[in-house]
Amino acid sequence: MAPTFDDGNSLFDFVVKDGNGVKGLVDSGITKVPERFIQPPSERIVKVVQSSKDHFSSVPIDLSKLDGPDHDQVVEAIVRAAETLGFFQVINHGVSFDLLESLKNAAHRFFAQPADAKAVYLKRVSPSPFVKYGTSFAPEQEKALEWKDFVSMVYTNDGDAQQHWPKVCKEEALEYLKLSSKLVRRLLEILIGNLGVTLDDSRLESLIGNKIVNMNFYPICPNPELTVGVGRHSDMSILTVLLQDNVGGLYVKLEEDILDGRKEEWIEIPPIPGALVINAGDSLQILSNGRYRSAEHGVRTTSKQSRVSIPVFNLPRPSEKIGPLPHVAEVDGGAVYREVMFEEYMSNHVGHAHDGKKSLDFVKIKAN
């Protein structure tokens with residue numbers, strides 16, 4: 001018989017404070033979503049349209065064609081996707097299919113552990129400030145919790161990762177992070193070059209030198225229509241690399257100029273075996289003076305099968321100043337965003353629950 005929670009506090013303690021997570025809730029035998037997880041209708045991903053090649057979500061870009069006869073077409077596809085949807089998928093990206101499969105298995109291994117084995121990484125007790133296990137995004141602030149558990153691993157150096165990252169998944173996570181970093185560097189060079197700018201190696205590295213790999217777990221949900229796996233948000237990163245499994249559930253909100261006057265619509269980024277999902281983050285939008293777009297996205301839940309996803313966030317170093325590249329701002333006739341230390345932008349973003357792309361308002365220069 002499933003346990004009963006007399007009030008919201010006992011539920012919160014069980015899921016969040018004690019580290020049982022949403023998985024613990026599902027494993028307890030619940031048959032309906034507790035009220036604390038029910039999202040208001042405005043936050044649910046409801047109006048979903050079928051994907052099309054015009055939205056770049058279902059046609060992967062073959063990176064093996066870079067530096068060959070089709071180089072310019074591949075670059076054009078990358079740039080166009082970054083300028084419009086903010087999401088695209090890539091194949092032949094340098095991360096082997098076997099590693100991607102091992103990575104998904106490693107994520108399942110971590111979340112299959114007993115609650116007490118995962119709870120050692122809860123923020124208040126974790127042996128390392130760079131490893132955190134939890135649920136939802138900002139549970140203390142959110143009116144409705146997300147249907148998600150996660151473990152987050154910040155990369156500082158190989159030694160720290162080997163010592164502190166969870167044993168059941170650290171080898172796969174570390175190799176994935178390193179290989180995807182090469183991919184990100186190449187993509188960033190292409191995107192920055194398209195803006196007519198050349199940055200030296202040290203600046204490029206500073207823009208993506210803060211790396212975090214997350215493993216996300218979305219348990220089966222008895223009432224998926226009432227919940228979200230992740231609320232609507234944009235990433236803080238320059239670029240995010242995401243591995244999703246074959247279950248699906250990642251959705252991107254279409255920008256108004258794509259919709260031609262239609263109301264809010266969402267498009268799925270469908271799972272493609274062996275592909276990685278790339279999305280532009282707020283930092284790239286700021287750097288490009290708004291030419292490239294971070295994308296508001298979220299995750300729907302399902303009652304059929306648990307899902308894992310593994311993103312690597314490639315962010316500027318905390319001390320790095322981010323603002324529109326001077327050449328781009330000059331060509332555009334002025335900067336759209338003010339310059340800010342990334343640490344300051346990050347604090348503002350993390351200090352608020354998921355709320356679409358409103359984090360960018362923090363640095364937007366208001367028109368007179």
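The values are calculated or read from the model by the stated rules, or taken from the named source; none is laboratory data. Just so it is clear, the structure is predicted and the values come from calculations on it, not from any experiment. All Cβ positions, glycine included, derive from the backbone under ideal geometry; neighbour counts span all protein chains shown. We work out accessible area using only protein heavy atoms, side chains counted, and drop any ligands, DNA or RNA first. Shrake-Rupley method; radii C 1.70, N 1.55, O 1.52, S 1.80 Å.
Would you point out the residue of the stretch 107-117, among those that are within 27 Å of R232 (Cβ to Cβ) and in contact with a helix residue (DSSP H, G or I) (Cβ under 9 Å, 6 or more places away or on another chain), that is surrounded by the most Cβ atoms within 10 Å (Cβ to Cβ)? I'd like the intermediate steps shown before the answer.
Taking the stretch 107-117 as the starting set, the residues that turn out to be within 27 Å of R232 (Cβ to Cβ) are 107-108, 110-111.
From the residues that got through so far, the ones that are in contact with a helix residue (DSSP H, G or I) (Cβ under 9 Å, 6 or more places away or on another chain) too are 107, 110-111.
Values: A107: 26, F110: 24, F111: 23.
Checked the stretch 107-117; the qualifying residue surrounded by the most Cβ atoms within 10 Å (Cβ to Cβ) is A107.
Take the stretch 124-138 and flag every residue that is among the small types (G, A, S) and touching a residue at least 12 places away in the same chain (Cβ under 8 Å). Give the steps one after another, and end with the answer.
Initial filter on the stretch 124-138 (among the small types (G, A, S)): 126, 128, 134, 136, 138.
Within the stretch 124-138, S128, G134, S136, A138 meet the criteria.
Applying the selection to the stretch 230-254, what residues are farther than 21 Å from L191 by Cα, of a type in the set (S, T, N, Q) and part of a strand (DSSP E or B)?
Result: Q244, single match.
Results for (1) part of a helix (DSSP H, G or I); (2) over 25 Å from D235 (Cβ atoms); (3) in contact (Cβ under 8 Å) with a residue 24 or more places away in the chain, shown as yes or no for each residue.
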site: K23; (1), (2), (3): yes, no, yes
site: T31; (1), (2), (3): no, yes, yes
site: R36; (1), (2), (3): yes, yes, yes
site: D72; (1), (2), (3): yes, yes, no
site: E76; (1), (2), (3): yes, no, no
site: A81; (1), (2), (3): yes, no, yes
site: F88; (1), (2), (3): no, no, yes
site: G94; (1), (2), (3): no, no, yes
site: L99; (1), (2), (3): yes, no, yes
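Which of the residues belonging to the stretch 337-368 are without any contact (Cβ under 8 Å) to a residue 60 or more places away in the chain, part of a helix (DSSP H, G or I) and of a type in the set (S, T, Y)?
Across the stretch 337-368, the qualifying residue is only S347.
Report whether or not I78 is open to solvent by less than 10 Å² (accessible area, probe 1.4 Å) and farther than 23 Å from V230 by Cα.
Numbers: open to solvent by less than 10 Å² (accessible area, probe 1.4 Å): yes; farther than 23 Å from V230 by Cα: yes.
Judged against the criteria, I78 is a match.
Is there any pair linking a residue in the stretch 257-276 that is within 30 Å of E101 (Cα to Cα) to one that is modelled with pLDDT under 90 and of a type in the set (V, I, T), with Cβ under 6 Å and at least six apart or on different chains, and which?
Qualifying pairs under 6 Å: W266/I45; W266/V48; I267/V49.
Could you pull out the residue among R203, R232 that is closer than 13 Å to G298 by Cα and open to solvent by 10 Å² or more (accessible area, probe 1.4 Å)? Break it down into steps so the answer makes sense when it comes.
Numbers: R203 fails: closer than 13 Å to G298 by Cα.
One residue alone meets the criteria, R232.
Starting from the stretch 110-123, keep only residues that are farther than 16 Å from M153 by Cα and among the small types (G, A, S), then list their pairs with residues that are open to solvent by less than 30 Å² (accessible area, probe 1.4 Å) and in a loop (DSSP other than H, G, I, E, B) whose Cβ atoms are within a distance under 7 Å, requiring at least 6 positions of separation or different chains.
From the stretch 110-123, the pairs are A115/G19.
Please work out which residue is farthest from the chain's Cα centre (by Cα), limiting yourself to the stretch 331-368 and to residues that are open to solvent by less than 80 Å² (accessible area, probe 1.4 Å) and of a type in the set (D, E, K, R).
D332
Run down V154, V184, V168, V213 and say which single residue is out of contact with any strand residue (DSSP E or B) (no Cβ under 8 Å at 6 or more places or on another chain), of a type in the set (A, V, I, L, M) and either surrounded by 22 or more Cβ atoms within 10 Å (Cβ to Cβ) or in contact (Cβ under 8 Å) with a residue 24 or more places away in the chain (or both).
Working: V154 fails: out of contact with any strand residue (DSSP E or B) (no Cβ under 8 Å at 6 or more places or on another chain); V184 fails: out of contact with any strand residue (DSSP E or B) (no Cβ under 8 Å at 6 or more places or on another chain); V213 fails: out of contact with any strand residue (DSSP E or B) (no Cβ under 8 Å at 6 or more places or on another chain).
It is V168.
Condition first: free of Cβ contacts under 8 Å to residues at least 40 places away in the same chain, open to solvent by 20 Å² or more (accessible area, probe 1.4 Å), out of contact with any Gly (no Cβ under 9 Å at 6 or more places or on another chain) and part of a loop (DSSP other than H, G, I, E, B). Can you find one or more residues in the stretch 219-229 that meet it? Break it down stepwise before answering.
Residues of the stretch 219-229 that are free of Cβ contacts under 8 Å to residues at least 40 places away in the same chain, as a first pass: none.
Looking through the stretch 219-229, none of the residues is free of Cβ contacts under 8 Å to residues at least 40 places away in the same chain, open to solvent by 20 Å² or more (accessible area, probe 1.4 Å), out of contact with any Gly (no Cβ under 9 Å at 6 or more places or on another chain) and part of a loop (DSSP other than H, G, I, E, B).
Give the stretch 24-67 a look and list any residue that's surrounded by fewer than 18 Cβ atoms within 10 Å (Cβ to Cβ), closer than 18 Å to I269 by Cα and at pLDDT 95 or above, or say none.
Of everything in the stretch 24-67, just one residue is surrounded by fewer than 18 Cβ atoms within 10 Å (Cβ to Cβ), closer than 18 Å to I269 by Cα and at pLDDT 95 or above, namely D62.
If you scan the stretch 14-23, which residues turn out to be within 25 Å of the chain's Cα centre (by Cα) and open to solvent by less than 60 Å² (accessible area, probe 1.4 Å)?
V15, V16, G19, N20, G21, V22, K23
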